[in-house]
Ligand code: NAD
C-alpha cells in the first residue's frame, strides 16, 4: 500500500502529516511512503530527511495518480479534492461536523474519508491516535507564550536591584487539554494561575498543576457526554458571564479555551468584563472563530487593542505555529490510526469496529458516519422554506 504525505496548502499551515521517523514504523505493515517535495519544509523537515528514512520524494501529480492513501493534517483544498479518485482514501483532521459537504463530495467521488477528529477519546487504546488532544496540548502551550509576549510586565515575581515585580495573575477559562497545558506553561513561567471549567472533574486536574480552581456559585455542573461539557441554558449563560466578570477584573491575563462539540464557542468574557479589566491586561481567545469566540470583539487571526487598553488576541491555529512539535505528535497519531486500519497490506474498513465507527466518514460512495449524515439531511419543512439546511451550530449567545 502506498501512503502519501501532501504539502499542506492552507494559509499559515506549517505542519506536516508524517515526520521521517514514522516511515520505519509503517514499513513492516507493508506501507511505502511517498512524500510531496517540500511537504516538511514548514516544520524544518527537508526532503533529504524523508529520503534518508526511505520515502520516495515525488510530485503532487504523482501522489494523486498512484497513492492508495493520502495523509493530511487539515481538510484538503477544493483543488486537491478534485484530484482524488475512486478507491483512494484520505486521512486527516477533516472537521466533518463543521464541513459535512466535504464528506458528501468525497463520498460522491468514491473516496474513503477518515477523520481523526471523530475518534472516541476516552478509550485507553485510542490515546496514541488522539490528534485533538496532541494538537490542543501544543496550542495551549503556545497560548501561554503568546499571552506572555503581549503582556507589558513579567509573568514571574522578580526581585532585582531595580525593584520587585509582582507576578502576573493569569486566569484560564476552560480547562480541557489546551487549558491545562496553558496553566502548566504559565505556572512554569512563574505566574500565579487560576482555572475555571463547568466540568467539576477538572477541579482536581487544575489543582494538581498548582493552580487555584475558581468555583462559581451561580452555575452548577455542566458536564455532558464523553467527558465534554454540555451547552449552558440562556439563564446559566448569563449568570456565568455576570459572575465571571468580577474574577476576570482581578486578573492581568485571561486565556480562554472553552468549546462545546458541534456548537458555537460559549461567550465567557463580555464587553462589561473587558471594561472592568485594568489597562495593559491581555486576553488570548483560543475559541476565536468565524462563528464568534469566547471573548466579545475577538477576531480569529487578529490582535485588537480596546479603547481601555486591553489587548485581545484572536488565536487561530496556534498548533501550526509550533510546527515541528505539533507535526511530531500528529505523525504518531496518524501512524497509529493508519496501522489500526491496515490489514494484509491494505485498508480494512469495518465500521462495526468502535474506533472506525467514529472516524470513518465516507466509504463505498456513501457518508457512513451517522452524525455527519444527519447534518446533510434536507431541512424539515418549515414556514420559511428559503432558509438553509442544518449547520454545525445554532445561536448560543
Ligand atoms: P474542548 O476543547 O471540547 O473544550 C475545552 C474546555 O472547555 C472543556 O474542558 C470544557 O469543559 C470547557 N467548557 C465548555 N463550555 C464551557 C463554559 N461555558 N464555561 C467554562 N468552560 C467550558 O475539551 P477537550 O480539551 O477536548 O477535552 C474534553 C474532555 O475530554 C475533557 O474532559 C478531557 O479530560 C477529556 N479527554 C479525555 C481523554 C481521555 O480520557 N484519555 C483524552 C482527551 C480528552
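The values are calculated or read from the model by the stated rules, or taken from the named source; none is laboratory data. Everything quoted here is computed from the prediction, not taken from an experiment. FYI the Cβ positions are ideal-geometry reconstructions off the backbone, even for glycines, and counts take in every protein chain you see.
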Quickly run through segment 241-266 and pick out the residues that are closer than 20 Å to residue 96 by Cα, in contact with a helix residue (DSSP H, G or I) (Cβ under 9 Å, 6 or more places away or on another chain) and either more than 8 Å from the ligand (Cβ to nearest atom) or not in a loop (DSSP other than H, G, I, E, B) (or both). 262
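Test residue 174 against the criterion of being under 14 Å from residue 144 (Cβ atoms) and either modelled with pLDDT under 95 or near the ligand (Cβ under 10 Å from one of its atoms) (or both), and give yes or no. I'd like the intermediate steps shown before the answer.
On the way: under 14 Å from residue 144 (Cβ atoms): yes; either modelled with pLDDT under 95 or near the ligand (Cβ under 10 Å from one of its atoms) (or both): yes.
In short, yes.
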Please return the ranges of strands (runs of 3 or more DSSP E) entirely within segment 47-120 where 1 or more residues are under 20 Å from residue 362 (Cβ atoms). 69-71, 89-92, 112-115
Qualifying positions in segment 115-131 - surrounded by 19 or more Cβ atoms within 10 Å (Cβ to Cβ) and either within 9 Å of residue 337 (Cβ to Cβ) or near the ligand (Cβ under 9 Å from one of its atoms) (or both): 116, 119, 126, 129, 130, 131
When segment 179-199 is checked residue by residue, the ones that are more than 21 Å from residue 220 (Cα to Cα) and either in contact with a strand residue (DSSP E or B) (Cβ under 9 Å, 6 or more places away or on another chain) or more than 11 Å from the ligand (Cβ to nearest atom) (or both) are 182, 183, 184, 185, 186, 187, 188, 189, 190, 191, 192, 193
Within segment 327-351, restricting attention to residues that are closer than 20 Å to residue 110 by Cα and free of Cβ contacts under 8 Å to residues at least 60 places away in the same chain, which residue is surrounded by the fewest Cβ atoms within 10 Å (Cβ to Cβ)? 348
Take the residues in segment 203-240 that are within 9 Å of the ligand (Cβ to nearest atom) and part of a helix (DSSP H, G or I), then tell me which one is nearest to residue 173 (Cα to Cα). 240
Over 25 Å from the mean Cα position of the chain (by Cα) and either modelled with pLDDT of 95 or more or surrounded by fewer than 23 Cβ atoms within 10 Å (Cβ to Cβ) (or both), is that true of residue 250? yes
Quick check: is even one residue across segment 148-161 within 12 Å of the ligand (Cβ to nearest atom) and either buried (at least 21 other Cβ atoms within 10 Å of the Cβ) or under 17 Å from the mean Cα position of the chain (by Cα) (or both)? no
For residue 135, only one of the following conditions fails: (1) more than 30 Å from residue 64 (Cβ to Cβ); (2) touching a helix residue (DSSP H, G or I) at 6+ places or on another chain (Cβ under 6 Å). What is its number? (1)
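The rows are residues; the columns are (1) modelled with pLDDT under 95; (2) at positive phi.
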| site | (1), (2) |
| --- | --- |
| 302 | no, no |
| 310 | no, no |
| 327 | no, no |
| 335 | no, no |
| 339 | no, no |
| 357 | no, no |
| 365 | no, yes |
| 385 | yes, no |
| 390 | yes, no |
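Within segment 270-296, restricting attention to residues that are in a loop (DSSP other than H, G, I, E, B) and surrounded by fewer than 16 Cβ atoms within 10 Å (Cβ to Cβ), which residue is modelled with the lowest pLDDT?
Step one: list which residues in segment 270-296 are in a loop (DSSP other than H, G, I, E, B), which gives 270, 277-281, 286-294, 296.
Checking which are surrounded by fewer than 16 Cβ atoms within 10 Å (Cβ to Cβ) leaves us with 278-280, 290.
Working: 278: 98, 279: 98, 280: 98, 290: 80.
Only one residue fits best here, namely 290.
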Filtering segment 97-114 down to residues that are within 16 Å of residue 334 (Cβ to Cβ) and within 22 Å of the chain's Cα centre (by Cα), which residue is nearest to the ligand (Cβ to nearest atom)? 114
Report every pair of residues separated by at least 6 positions or lying on different chains whose Cβ atoms are under 6 Å apart, first residue within segment 219-231 and farther than 19 Å from residue 132 by Cα and in contact (Cβ under 8 Å) with a residue 40 or more places away in the chain, second near the ligand (Cβ under 8 Å from one of its atoms) and assigned to a loop (DSSP other than H, G, I, E, B). 231/260
Within segment 1-46, restricting to residues that are without any contact (Cβ under 8 Å) to a residue 12 or more places away in the chain and part of a loop (DSSP other than H, G, I, E, B), the one that is farthest from residue 69 (Cα to Cα) is 11
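Can you spot a residue in segment 82-101 that is free of Cβ contacts under 8 Å to residues at least 12 places away in the same chain and out of contact with any helix residue (DSSP H, G or I) (no Cβ under 7 Å at 6 or more places or on another chain)?
Let us first name the residues in segment 82-101 that are free of Cβ contacts under 8 Å to residues at least 12 places away in the same chain, namely 82.
Those still in the list that are out of contact with any helix residue (DSSP H, G or I) (no Cβ under 7 Å at 6 or more places or on another chain) too: 82.
Scanning segment 82-101 turns up at least one residue that is free of Cβ contacts under 8 Å to residues at least 12 places away in the same chain and out of contact with any helix residue (DSSP H, G or I) (no Cβ under 7 Å at 6 or more places or on another chain).
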